[in-house]
Amino acid sequence: MIELRDFTLAYPGKQNLFAPQTFTLAASESIALCGDSGVGKSSLLYAACGLIPRQITAELSGELLLEGKPPSEHTPMQRAHLIGMVMQNPETQLFCGTVELEVAFGLENLCVPHDDMQVRVRESLELVGLWARRGESPGVLSGGQKQLLALASVLVLQPELLLLDEALSQLDSNACANMMTVLCELRRHGQAMLVVDHDPARRALLCNREVWL
């Protein structure tokens, strides 16, 4: 699904963030990216989803392939089906007026038929336990609920690979437990993941193996 061959990156005027990496993530596999703060774990995820270098300037070396091609060679619609990312701060991913519209937004951009959209939005919100809040503004949700909403807005697109960039680090114990329940259920059903998380216990539950940068 995703393959790195002697891949590394550097921001303008800086040295390479990490030593060249070579590894493959297969379908239905989950890998944790580990290493010290600032080593480039999040940057690797940004490169995987195409934010680097499309929106964030960096120099890439080696190869990073998504389904056999660099992310930049996939159309936005193809990338939406292949890969979805949940970031550390859900505020960066939420901007619609209601919970339901937030989850529907990506499907609208993909021109999914209305009837199919309604079914998928409900399924995603029920999965994260937010269907009853569908008519409310995301702004009234707790931090943990906002993170679950960000997850639902990505899962509704049914990406083959899910990127988690410290997606649980700001949650309290109850919200974290709720999020882990959802993620573990996804893993049980074969969802492929590339995970950045500082907690070894969570990594052990979510991931098959670790790659250290």
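The values are calculated or read from the model by the stated rules, or taken from the named source; none is laboratory data. Because the structure is predicted, anything quoted here is derived from the model rather than measured. Cβ atoms come from the backbone with ideal geometry, glycine included; neighbour counts cover every protein chain shown.
Would you check which residues across the range 42-94 are in a strand (DSSP E or B), under 14 Å from Leu194 (Cβ atoms) and not aliphatic (A, V, I, L, M) and list them?
Gly84
Can you find a residue in the range 162-169 that is at pLDDT 95 or above, touching a Phe, Trp or Tyr at 6+ places or on another chain (Cβ under 7 Å) and either aliphatic (A, V, I, L, M) or surrounded by 14 or more Cβ atoms within 10 Å (Cβ to Cβ) (or both)?
Within the range 162-169, none of the residues are at pLDDT 95 or above, touching a Phe, Trp or Tyr at 6+ places or on another chain (Cβ under 7 Å) and either aliphatic (A, V, I, L, M) or surrounded by 14 or more Cβ atoms within 10 Å (Cβ to Cβ) (or both).
Scanning for something without any contact (Cβ under 8 Å) to a residue 40 or more places away in the chain and farther than 19 Å from Leu45 by Cβ, does the range 150-172 turn up at least one residue?
Yes, because at least one residue in the range 150-172 is without any contact (Cβ under 8 Å) to a residue 40 or more places away in the chain and farther than 19 Å from Leu45 by Cβ.
The conditions are (1) within 10 Å of Val86 (Cβ to Cβ); (2) assigned to a loop (DSSP other than H, G, I, E, B), and Pro159 fails exactly one of them. Which is it?
(1)
Residue check, Leu125 against (1) touching a Phe, Trp or Tyr at 6+ places or on another chain (Cβ under 7 Å); (2) buried (at least 21 other Cβ atoms within 10 Å of the Cβ); (3) assigned to a loop (DSSP other than H, G, I, E, B), all met but one. Which one?
Answer for Leu125: the failing condition is (3).
Could you go through the range 11-21 and let me know if any residue there is in a helix (DSSP H, G or I) and surrounded by 13 or more Cβ atoms within 10 Å (Cβ to Cβ).
No, the range 11-21 contains no residue that is in a helix (DSSP H, G or I) and surrounded by 13 or more Cβ atoms within 10 Å (Cβ to Cβ).
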